[in-house]
Amino acid sequence: MLRKIWVIAYKDLYITFTDRNLILIMIVTPLALASIIGLAFGGFIGGGGSDVPVQNIPVAVVNLDQGVEFGGSPLNQGQTFIDLLVPQGEPDPENVLHQLTDAVELETAEAARAGVNAGDYSAAIIIPPEFTASITTTQTQTELTPVQIEVYASPAAPVSASIIRSIVEGFSNQIAMGSITIASTIGALTERASTDPLFGLQFAAAAGGGGFNPDFSAAFSPDAALIRIEQQSVTGETAAFNPLVSFGSAQAVFFMMFTAMAGANNVMEERRAWTLQRQIVTPTPRMVLLLGKMVGTFISCVAQVIILILALTLVGSLIAGELQFIWGTNLFLLALVILCVSLAASGVAALVAGLVRTPEQGNTIGSIISILFGLFSGAFFSIDAVPGANVISRLTVNYWGVEAFNKLSQNQTDIGLNLLVLLILGAVFFSAGLFIFNRRLSV
Amino acid sequence: MLPDPRETVLVRLARAIRQRCADHKGDASMQETLVQVRGLSKQFKRDNGETFFAVKDVTLEIRRGEIFSLLGPNGAGKTTTISMISGLLTPTQGDALIGGNSITKNPLAAKKMLGVVPQEIALYPTLSARQNLQFFGKMHGLGGKELDRAVDEVLDLIDLGDRDRDKVDNFSGGMKRRVNIGIGMLHKPQLIYMDEPTVGIDPQNRRRILDTVLRLRDELKMTVLYTSHLMEEVQEISDRVGIIDHGQMIALGTVGELIQKVGEEDRLIFKVGEQPVAEALLRRIESEAATATRARYERREIANSDAGALATAEGILTVYATRGRKALPDIIRLADESSLDILSVEVREPDLEAVFLHLTGRALRD
């Protein structure tokens with residue numbers, strides 16, 4: 001049985017991969033796509049590159065932070081962020097944030113939100129009144145408390161909004177890291193002084209004589225921390241936010257669905273050419289016939305996604321000027337995602353193969369499904385503003401696949417649910433397709 | 001003995017068939033039943049919701065080692081019947097057993113004994129002849145050296161050994177047909193089903209295919225189930241024939257049995273130009289010519305292709321006789337005595353066309 005499945009799959013793959021036109025489409029399309037995405041987002045993946053094609057994102061910043069007294073001086077971390085983001089006078093050409101954003105400070109949160117609603121700004125950053133107090137350790141407050149900076153984003157500008165979100169996350173992470181550093185340093189010194197009287201006396205003398213002047217500035221702003229757009233991963237490692245991954249993977253899955261649908265259509269083509277019937281009259285169970293076709297489709301899907309991933313990596317590396325693997329460091333999980341997405345897409349193809357009667361129907365229904373899946377998974381534009389779209393998107397192969405690719409690119413490994421859902425989708429669609437296919441052939 | 005040049009091709013074919021039937025009479029294996037079809041029916045639904053029987057209650061047996069043909073006009077139900085026997089369609093009623101294996105209850109065992117040559121050119125055009133044969137050979141469970149040997153043998157049999165690595169797409173229609181047939185015989189099935197394999201090809205390739213069919217039976221000892229709407233080729237190659245019309249089997253037997261069943265006679269057709277034939281001569285032929293039963297004369301107008309030219313008439317004398325060849329010398333003598341010049345003569349022995357006409361009241365090609 002396995003041998004026959006492979007015989008059918010191998011025949012389909014041989015026909016596919018010896019078709020020059022098809023190969024051209026499979027390679028040229030991903031390369032063209034990768035180039036377009038790369039050119040659009042090149043500035044973000046260039047590391048320290050100063051050439052930013054997407055720039056001057058209009059953003060409103062509101063600082064409601066009331067600050068705290070720290071060592072006798074006022075401390076306002078919100079203002080630190082404002083100073084960094086909003087240029088005093090002319091924008092600093094060396095400051096990438098000044099190039100990237102066109103930040104304006106406003107007085108009230110309401111004005112900022114209204115500006116976003118009116119389309120004047122892509123996003124508004126609202127720093128809460130208790131911001132500094134929550135993340136600063138003082139003699140009266142020794143515990144850090146969680147605090148949220150609000151990013152009010154426009155659904156019409158998803159890319160800009162996600163960039164702003166990343167900037168804010170980068171900033172708040174840095175502030176939090178600095179606060180934790182100070183708290184733990186002071187804590188350690190105090191604890192040692194209490195257990196080591198000699199050290200306690202020396203520390204008290206140094207502090208009293210002005211000899212204790214620790215420099216914590218590095219903890220708050222290491223040189224590149226705010227120039228790079230970063231997100232903090234669950235494991236604590238930092239990884240670059242990369243639109244090339246986000247959009248590239250969405251497009252990769254979108255195109256892979258078309259490849260899967262072509263596989264479904266191939267079943268109908270074979271039926272029309274009578275080569276399918278010729279296989280049916282061999283001593284081969286019908287399940288094996290459909291499995292063979294779907295294994296061929298599955299391998300084609302895997303090949304296409306791999307080609308696109310490599311193409312996007314190539315483009316990303318060319319723009320960065322160095323070899324950059326933008327899909328994360330966990331190659332095993334990456335391979336698993338590719339396999340599961342391809343499996344789910346093949347399952348959808350099996351269902352379509354069971355449902356349609358002619359190649360023309362297959363073409364139409366396959367295209368509609370591919371486009372709808374792409375649409376609901378945000379392959380073309382953000383669907384956040386469309387009511388109910390987020391729920392529907394979870395029924396698509398694309399959503400779970402793209403999300404998994406994005407998580408992996410940020411070195412997150414919590415993709416178990418994604419893999420499980422993809423496997424279930426593949427199994428359910430394939431079983432339904434097989435049932436209908438079998439019934440239809442028996443008529 | 002040299003063939004009589006006055007004999008028509010059909011006369012020669014009919015004789016060859018009778019000879020072949022006689023040759024096979026003593027073959028014990030021919031008496032063994034390979035295929036049993038019992039009350040096979042298939043009902044379909046029309047777009048307007050009405051149901052109809054494409055095939056109704058077909059029962060037949062095919063003996064091992066024979067060429068059994070299903071003859072009928074297009075749309076008679078031949079392909080539907082065969083599709084059920086080969087497991088492509090599920091019967092609404094009835095069953096078919098191949099070598100004792102039910103096609104509905106034990107389809108894989110039944111299919112192992114079956115080779116199929118569909119009417120369509122069911123090949124992968126971008127693969128070579130060898131690759132097509134290899135693929136379908138593997139689907140039939142062949143592999144390794146056994147597959148290589150089978151492919152080589154078939155390529156030799158279909159006379160494409162020197163073109164085996166060419167893409168099928170570059171083949172002529174006849175060559176594609178030969179590969180199509182080759183696939184069906186690759187795994188040496190006990191039963192090979194061929195659905196109108198000579199449709200749309202030139203006479204030379206048609207001849208090759210018919211010869212191949214005969215070789216399958218005579219050399220490879222296969223049983224052949226053949227469908228066609230072409231009476232001549234069915235009559236030439238078949239040991240037994242089933243005539244199917246409107247989904248029902250209306251006659252079944254050897255060509256001779258079928259002809260005998262409907263009581264058809266030989267027809268002797270004489271062209272006499274514009275000469276009139278007297279009624280007295282017709283009566284003399286009926287009474288004096290050996291085995292003649294009746295004679296009639298008719299004049300046919302022949303349209304002239306030249307515009308403005310007068311139409312000419314042609315006299316046709318038709319004599320019916322139980323043994324036409326025996327009546328022929330007497331008729332020629334009587335015509336000579338009446339100073340009637342015979343321009344041409346044709347002896348038509350009864351054929352399947354006549355049988356079909358007799359059974360259905362219409363010609364096979366209608």
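The values are calculated or read from the model by the stated rules, or taken from the named source; none is laboratory data. This is a predicted model, so every value here is computed, not measured. Here the Cβ positions follow ideal geometry from the backbone for every residue, glycine too, while neighbour counts run over all protein chains shown. Accessible surface areas use protein heavy atoms only, side chains included; no ligands, DNA or RNA. Shrake-Rupley method; radii C 1.70, N 1.55, O 1.52, S 1.80 Å.
Kindly provide the set of residues from the stretch B:170-187 that are of a type outside the set (Val, Ile, Thr), under 29 Å from the mean Cα position of the chain (by Cα) and either assigned to a helix (DSSP H, G or I) or surrounded by fewer than 20 Cβ atoms within 10 Å (Cβ to Cβ) (or both), ordered by number. Even if it seems obvious, please write down each step before you answer.
Kept after step one, since they are of a type outside the set (Val, Ile, Thr), are these residues of the stretch B:170-187: B:170-178, B:180, B:182, B:184-187.
Checking which are under 29 Å from the mean Cα position of the chain (by Cα) leaves us with B:171-178, B:180, B:182, B:184-187.
B:Ser172, B:Gly173, B:Gly174, B:Met175, B:Lys176, B:Arg177, B:Arg178, B:Asn180, B:Gly182, B:Gly184, B:Met185 - these are the residues of the stretch B:170-187 that are of a type outside the set (Val, Ile, Thr), under 29 Å from the mean Cα position of the chain (by Cα) and either assigned to a helix (DSSP H, G or I) or surrounded by fewer than 20 Cβ atoms within 10 Å (Cβ to Cβ) (or both).
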Considering residues of the stretch A:379-418 that are farther than 12 Å from A:Val253 by Cα and small (Gly, Ala, Ser) only, the residue nearest to the chain's Cα centre (by Cα)
A:Ser409
All but one of (1) away from chain A (no Cβ under 14 Å); (2) on the phi > 0 side of the Ramachandran plot; (3) touching a residue at least 60 places away in the same chain (Cβ under 8 Å) hold for B:Gly200; state the number of the condition that does not hold.
(3)
Would you confirm, using the coordinates I've provided, whether B:Phe135 is open to solvent by less than 20 Å² (accessible area, probe 1.4 Å), at the interface with chain A (Cβ under 10 Å from one of its Cβ atoms), in contact with a helix residue (DSSP H, G or I) (Cβ under 9 Å, 6 or more places away or on another chain) and aromatic (Phe, Trp, Tyr)?
yes
Give the residues of the stretch B:182-197 that are of a type outside the set (D, E, K, R) and within 12 Å of chain A (Cβ to nearest Cβ), sorted by residue number.
B:Ile183, B:Gly184, B:Leu186, B:His187, B:Pro189, B:Leu191, B:Ile192, B:Tyr193
Give the number of residues within the stretch B:112-123 that are in contact with a Leu (Cβ under 9 Å, 6 or more places away or on another chain), of a type in the set (A, V, I, L, M) and either more than 8 Å from chain A (Cβ to nearest Cβ) or open to solvent by 20 Å² or more (accessible area, probe 1.4 Å) (or both).
1
Restricting the search to the stretch B:247-267, which residues are over 19 Å from B:Thr227 (Cα atoms) and among the polar types (S, T, N, Q)?
B:Gln260
For the stretch A:417-442, what are the residues that are of a type in the set (Gly, Ala, Ser), open to solvent by less than 50 Å² (accessible area, probe 1.4 Å) and more than 19 Å from A:Gly366 (Cβ to Cβ)?
A:Ser442
Could you go through the stretch A:126-139 and let me know if any residue there is at negative phi, at pLDDT below 80 and open to solvent by 60 Å² or more (accessible area, probe 1.4 Å).
yes
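Residue by residue, here is whether (1) within 13 Å of chain A (Cβ to nearest Cβ); (2) of a type in the set (D, E, K, R); (3) open to solvent by less than 10 Å² (accessible area, probe 1.4 Å); (4) part of a loop (DSSP other than H, G, I, E, B) holds:
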position	(1), (2), (3), (4)
B:Lys56	no, yes, no, no
B:Asn74	no, no, no, yes
B:Asp95	no, yes, no, no
B:Ala110	yes, no, yes, no
B:Pro125	yes, no, no, yes
B:Lys145	no, yes, no, no
Using beta carbons and a limit of 7 Å, which pairs, at least six apart or on different chains, have the first residue in the stretch B:211-229 and in a strand (DSSP E or B) and the second one basic (Lys, Arg) and open to solvent by less than 50 Å² (accessible area, probe 1.4 Å)?
B:Val224/B:Arg217; B:Thr227/B:Lys78
From the option list A:Val245, A:Val295, A:Val302, single residue qualifying as farther than 16 Å from A:Val402 by Cα and away from chain B (no Cβ under 14 Å) is A:Val295
Condition broken by A:Val281, with the remaining ones in (1) modelled with pLDDT under 85; (2) touching a strand residue (DSSP E or B) at 6+ places or on another chain (Cβ under 7 Å); (3) not small (Gly, Ala, Ser) satisfied
(1)
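Between B:Ser344, B:Ser238, which is at pLDDT 90 or above and either among the aromatic types (Phe, Trp, Tyr) or under 28 Å from the mean Cα position of the chain (by Cα) (or both)?
Result: B:Ser238 is the single residue among B:Ser344, B:Ser238 that is at pLDDT 90 or above and either among the aromatic types (Phe, Trp, Tyr) or under 28 Å from the mean Cα position of the chain (by Cα) (or both).
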